[in-house]
Amino acid sequence: MGQIRIWKPLQIAKSLQISTSALRHYESWGIVPPPERSPSGYRLYTDEHYAYFACIRAMYPGYGMDTVRQAMSLIIQKRMHEAMWLINKCQAALHEDKVIAERTIELLEKEDLSVADRRGGRGKMTIREASELTGVPSTAIRHWEKEGLLEIPRSEDNGYRCMTGMHVRQISIIRTLRAANHPLDVIREVMVQLNHNHIGNALRIAREASDYLDHRLRNQVKGAHYFYRLCLATGLMDEG
């Protein structure tokens, strides 16, 4: 076996274009194995540590730090497949967001929303049914209503929310814009324009949201590549 390469913190920081304090933060979070120390107390990072740091930096843009922290913790515990399924879950969620974004764009491109509403389709429905149709939790729908993004009438008989196909479309649009990290103020303005049948700006923003999801997909693919390299470096996988 060859001699183990030792990395100085500054070497890793320069290579990955981050600060040495970031390396210490990752170590303190427990998402990088603790390195051995020299007799004088300096950290002795190995190629395996480098693989952890590189993976963290590569995965963060596509998956977010919460997922990265969970995945790295699982790898340290040698629970590789659990980490893989966690990553797969994020990829599946992104795919679902993309499908909804494309449906939203198609809706905005094809027809006047008021015409679509007059054409019929489903009648009145409960918030639970709207949640099932859109895949958006009822709690999120209630929150968006509270924030003024949705106007949902109530039944005079029982006080329950009465939702229609229009609300389902609005929920899909809001979800698309939220997936692209648009702030509530921007989404609120888009919904006001849609209520007045001003579709142009909403369509532009929906397309930008779809482009953002494409960008995030590229980041996820890159992150998955570095995750694979980490699994090789830790001996949890081989190249066969």
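Can you give the extra length, in nm with one decimal, that the chain gains between GLU82 and GLU36 once fully stretched, where that is 0.36 nm per residue apart less the Cα-Cα distance?
Extra length from GLU82 to GLU36 when fully extended: 13.8 nm.
State the label only: which of (i) 0.97; (ii) 1.34; (iii) 1.11 corresponds to Cα Rg over 2.2 N^0.38 Å computed from the shown model?
This structure yields the entry labelled (ii).
Angle between the Cα long axis of helix 65-76 and the longest principal axis of the chain, 0 to 90 degrees, nearest 10?
40 degrees
Note the full-extension length gain between ARG218 and SER155 as 0.36 nm times their separation in residues minus their Cα-Cα distance, in nm to one decimal.
Going from the current span to full extension adds 18.1 nm.
Output the Kirkwood hydrodynamic radius of the range 91-216, Cα pairs only, in Å rounded to one decimal.
Radius from the Kirkwood sum: 14.8 Å.
Determine, for CYS231, CYS55, the number of other Cβ atoms within 10 Å of each Cβ, and report the residues in order from fewest to most.
CYS231, CYS55
Considering only THR134, ASN88, ALA71, whose Cα is most displaced toward the positive end of the charge dipole of the chain, charges sitting on Cβ of Lys, Arg (+1) and Asp, Glu (-1)?
Sorting the options by dipole projection puts first ALA71.
Using r as the Cβ-Cβ distance of MET65 and LYS110, and R0 as 30 Å, what FRET efficiency do you calculate, to the nearest 0.05? Intermediate results must be reported in sequence, preceding the final value.
Details: r = 39 Å, r/R0 = 1.29.
Efficiency at R0 = 30 Å is approximately 0.20.
For GLU145 paired with LEU203, estimate the spin-label separation in nm (one decimal), with each label point 7 Å from Cα along the Cα-to-Cβ line.
3.1 nm
Can you sort TRP29, TRP144, TRP85 by how many other beta carbons sit within 10 Å, fewest first?
TRP85, TRP29, TRP144
Would you mind getting me the FRET efficiency between SER138 and SER28? Use the beta-carbon distance for r and R0 = 35 Å, nearest 0.05.
With R0 = 35 Å, the Cβ-Cβ based efficiency is 0.35.
At R0 = 25 Å, how high is the FRET efficiency between ARG5 and SER73 if r is their beta carbon distance? Nearest 0.05 is fine.
The computed FRET efficiency comes out at 0.50.
Could you tell me the distance between the Cα centroids of the range 162-177 and the range 60-100, to the nearest Å?
Using only Cα atoms to place each centre, the spacing works out to 28 Å.
Roughly how tilted is helix 80-110, in degrees to the nearest 10 and between 0 and 90, from the longest Cα axis of the chain?
30 degrees
Since every read-out is calculated from the coordinates, none of them should be taken as a lab result. The model shown is predicted, which means the values in this text are computed figures rather than measured ones. A quick note on method: Cβ atoms are made from the backbone with ideal geometry, for glycine too, and the neighbour counts reach across all protein chains shown.
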